[in-house]
Amino acid sequence: MIADRMKQIRDNIQQVIVGKAEQINLALVAVLCEGHILIEDVPGIGKTTLAKAMAASLGCAFRRIQFTPDLLPSDVTGINYFNQKSQEWEFRAGPVFAQVVLADEINRATPRTQSALLEAMQERQVTVDGETRPLPRPFLVLATQNPIELEGTFPLPEAQVDRFFIRLPIGYPTEDEENSILLRFERTDPLGTLSPVIATDDLMAMQAQACEIHVETSVRNYVVAISRATREHAEVALGASPRGTMALYHAAQAWAAIQGRAFVVPDDIKKLAPFVLTHRILIQPQVRLRGRKPEDIVAEIVETVPVPVES
């Protein structure tokens with residue numbers, strides 16, 4: 001059962017991450033949908049640790065890319081080089097050829113290097129010198145970025161932001177959680193001994209099962225109504241794309257599966273909309289100056305769009 005296997009993964013991750021059960025569940029929603037995750041928060045919160053703990057728990061091939069201003073697209077995708085020994089051109093695969101790719105501090109790379117991930121994230125393939133090569137499945141990009149520090153960073157283009165299935169803030173730990181962190185990491189780092197709890201084939205089977213979770217017609221219409229409301233809101237310059245609508249739909253299926261249900265309810269949509277849609281909308285400049293944020297717009301839409309009720 002999906003709920004039981006996801007609980008095993010969550011418990012395994014929580015050997016390293018103290019608390020944050022909801023954030024881990026939301027990350028697992030993206031994993032079930034083979035969607036990419038943008039982990040965004042201030043330094044020292046545990047963004048990279050969460051990404052590495054998740055990769056270790058899934059038993060997938062893992063590579064880390066440290067994004068810096070001097071990183072080149074070929075450093076991500078790979079290059080064709082001439083092998084002097086064999087006297088032939090050969091392809092040296094870049095770190096993107098992995099099942100779980102950690103793009104650490106992704107907004108520190110130049111737009112040209114950031115765009116090297118576009119094809120990989122959408123089509124699950126990479127084209128180098130006119131030759132297209134498929135990426136291994138499942139394929140998941142876990143990107144981290146610091147939204148506070150702007151010096152030496154390059155904002156992600158909208159086309160790339162839209163390819164992230166979910167945006168996940170971590171938040172500061174509670175006082176008790178912070179004490180537990182000190183005790184847990186007092187003598188050793190538990191991340192070094194974390195073992196996989198699921199096989200790749202099992203994960204892909206669960207991804208297929210999650211897509212079969214039932215969504216009643218009125219609930220599907222509710223997903224569409226919320227997404228369209230972001231485009232029609234007076235304070236929004238750019239609303240959620242159809243890709244965002246699909247992401248919210250599949251996220252609700254995955255969330256229902258993690259909760260042990262075989263069907264989606266409207267509360268699933270309301271729960272997930274802020275994490276799936278917020279990063280996909282742009283608000284009007286004058287609205288931003290008044291202190292309004294995309295989170296406020298999405299929360300307002302979720303509260304105002306009529307919820308389907310059982311007749």
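What the table below lists for this structure:
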quantity: Enumerated helices (runs of 4 or more DSSP H) restricted to the range 86-180, each holding at least 1 residues that are touching a strand residue (DSSP E or B) at 6+ places or on another chain (Cβ under 8 Å); calculated: 118-123, 158-161
quantity: Cβ-Cβ under 6 Å pairs, at least 6 apart or on other chains, the range 131-147 side surrounded by fewer than 13 Cβ atoms within 10 Å (Cβ to Cβ), far side in a strand (DSSP E or B); calculated: Thr132/Gln125; Pro134/Gln125; Pro147/Glu40
quantity: Qualifying residue in the range 103-110 (condition: without any contact (Cβ under 8 Å) to a residue 60 or more places away in the chain and exposed (fewer than 14 other Cβ atoms within 10 Å of the Cβ)); calculated: no
quantity: Residue selected from the range 42-98 under the condition in contact with a Pro (Cβ under 6 Å, 6 or more places away or on another chain) and without any contact (Cβ under 8 Å) to a residue 60 or more places away in the chain, by the criterion surrounded by the fewest Cβ atoms within 10 Å (Cβ to Cβ); calculated: Arg63
quantity: Of all residues in the range 181-194 being outside any loop (DSSP other than H, G, I, E, B) and touching a residue at least 60 places away in the same chain (Cβ under 8 Å), the one that is farthest from the chain's Cα centre (by Cα); calculated: Arg184
quantity: Tally of residues being of a type outside the set (Lys, Arg) and touching a strand residue (DSSP E or B) at 6+ places or on another chain (Cβ under 8 Å) across the range 46-69; calculated: 13
quantity: Qualifying residue in the range 195-218 (condition: under 20 Å from Lys20 (Cα atoms), polar (S, T, N, Q) and either within 17 Å of the chain's Cα centre (by Cα) or not in a helix (DSSP H, G or I) (or both)); calculated: yes
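This table checks each residue for (1) closer than 29 Å to Met246 by Cβ; (2) in a strand (DSSP E or B); (3) in the same structural domain as Pro274 (by TED's automatic domain parsing).
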position	(1), (2), (3)
Ala55	yes, no, no
Arg64	yes, yes, no
Asp75	no, no, no
Asn80	no, yes, no
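Residues checked against (1) assigned to a loop (DSSP other than H, G, I, E, B); (2) of a type in the set (A, V, I, L, M); (3) at positive phi; (4) surrounded by 14 or more Cβ atoms within 10 Å (Cβ to Cβ):
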| site | (1), (2), (3), (4) |
| --- | --- |
| Ala240 | yes, yes, no, yes |
| Leu248 | no, yes, no, yes |
| Ala256 | no, yes, no, yes |
| Arg261 | yes, no, no, yes |
| Asp267 | no, no, no, no |
| Pro274 | no, no, no, yes |
| Gly291 | yes, no, yes, no |
| Glu300 | no, no, no, yes |
| Pro306 | yes, no, no, no |
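The values are calculated or read from the model by the stated rules, or taken from the named source; none is laboratory data. If you're wondering where the values come from, they're calculated on a predicted model, not measured in any experiment. Backbone-built Cβ (ideal geometry, glycine too); neighbour counts: all protein chains shown.
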